[in-house]
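What follows is a single structure, written as structure tokens, with notes after it.
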Amino acid sequence: MDTSGTDTTTSPDLAPRRGGRGARERILWAANKLFYEEGINATGMERLTEVAHVSRRTFYQHFPSKNALVDEYLRQLEEATPPGEHVLNRSDLTPRERLLGLFAAPPAGVPLRGCPFHNAAVETAGTLPAVRAAAIHHKERFTQRLTDTAREAGAEDPETLARQLAVLFEGARALTTSVDNTSPLADGRALAATLIDAAIARAA
């Protein structure tokens, strides 16, 4: 059974068309692509408006500031499920497979950038309370989803297993970004399998 999950990011091929209606959607599309691939701080207004095909005047008609766009970017990302976490939504996999699927390498061509909420929190370094709150909310919600999946898998102590897997997942993705290869994800998967199987065995 496939355990790779579905790891997606915005693709340039899906860019909204220039001009006409949908300026807000184009701005959000550009933010989703640029903030994740190039970084929030590195993405200036000129870059945003260029990729979104809008003028600065049009940008400010939809968002009062870049920070407001960052807030909306994270809000929509939470609703859509961030890259790398979609596998938890799959009904065709067992709970164990869903947990291990978190450590699948992204498809070829997808940038190794880790968790967008982690990235945003690190980049803003506590200077934007809304970003900090969004990151905390996402991590808490993600850990709860891990807990629910671990419980479904039959783990003895799903809360503890979920916290351990959250640390392992975050670390593996961060290291993958740092070394620019997916070997940490493979190592993380092996360690996750050990943790999951031990937790299930203790409950037997």
The one condition E159 fails out of (1) in contact with a Ser or Thr (Cβ under 7 Å, 6 or more places away or on another chain); (2) within 23 Å of L175 (Cβ to Cβ); (3) assigned to a helix (DSSP H, G or I) is (2)
Name every residue in the range 103-115 that is hydrophobic (A, V, I, L, M, F, W, C) and either closer than 27 Å to P129 by Cα or in the same structural domain as A52 (by TED's automatic domain parsing) (or both), in order of residue number. L112, C115
Restricting to helices (runs of 4 or more DSSP H) lying wholly in the range 53-102: which have 3 or more residues that are crowded, with 19+ Cβ neighbours inside 10 Å, under 16 Å from the mean Cα position of the chain (by Cα) and not assigned by TED's automatic domain parsing to the domain that holds F117? 66-80
If you go through the range 181-195 one residue at a time, how many are surrounded by fewer than 17 Cβ atoms within 10 Å (Cβ to Cβ) and among the small types (G, A, S)? 4
Any pair with Cβ under 7 angstrom, 6 or more apart, that starts in the range 27-43 at a residue that is in contact (Cβ under 8 Å) with a residue 12 or more places away in the chain and closer than 12 Å to N119 by Cβ and ends at one that is of a type in the set (D, E, K, R) and buried (at least 21 other Cβ atoms within 10 Å of the Cβ): none
Among H137, H118, which is part of a helix (DSSP H, G or I), at pLDDT 95 or above, assigned by TED's automatic domain parsing to the domain that holds L100 and not polar (S, T, N, Q)? H137
When the range 90-101 is examined, which residues are found to be in contact (Cβ under 8 Å) with a residue 12 or more places away in the chain and farther than 21 Å from T177 by Cα? R90, D92, L93, T94, P95, R96, E97, R98
Cβ contacts < 7 Å: first residue among the aromatic types (F, W, Y), restricted to the range 152-176; second residue surrounded by 16 or more Cβ atoms within 10 Å (Cβ to Cβ) and in a helix (DSSP H, G or I), any location; separation 6+ or different chain. Result? F169/G188
Collect the residues in the range 145-174 that are of a type in the set (A, V, I, L, M, F, W, C) and either in contact with a Leu (Cβ under 9 Å, 6 or more places away or on another chain) or over 16 Å from R113 (Cα atoms) (or both), keeping them in residue-number order. L146, A150, A153, A155, L161, A162, L165, A166, V167, L168, F169, A172
Just to be sure before I move on: is P111 in a loop (DSSP other than H, G, I, E, B) and touching a Phe, Trp or Tyr at 6+ places or on another chain (Cβ under 8 Å) in the structure I sent? yes
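The values are calculated or read from the model by the stated rules, or taken from the named source; none is laboratory data. Because the structure is a prediction, the values reported are computed rather than measured. Note that we place each Cβ from the backbone using ideal geometry, even for glycine, and neighbour counts take in every protein chain shown.
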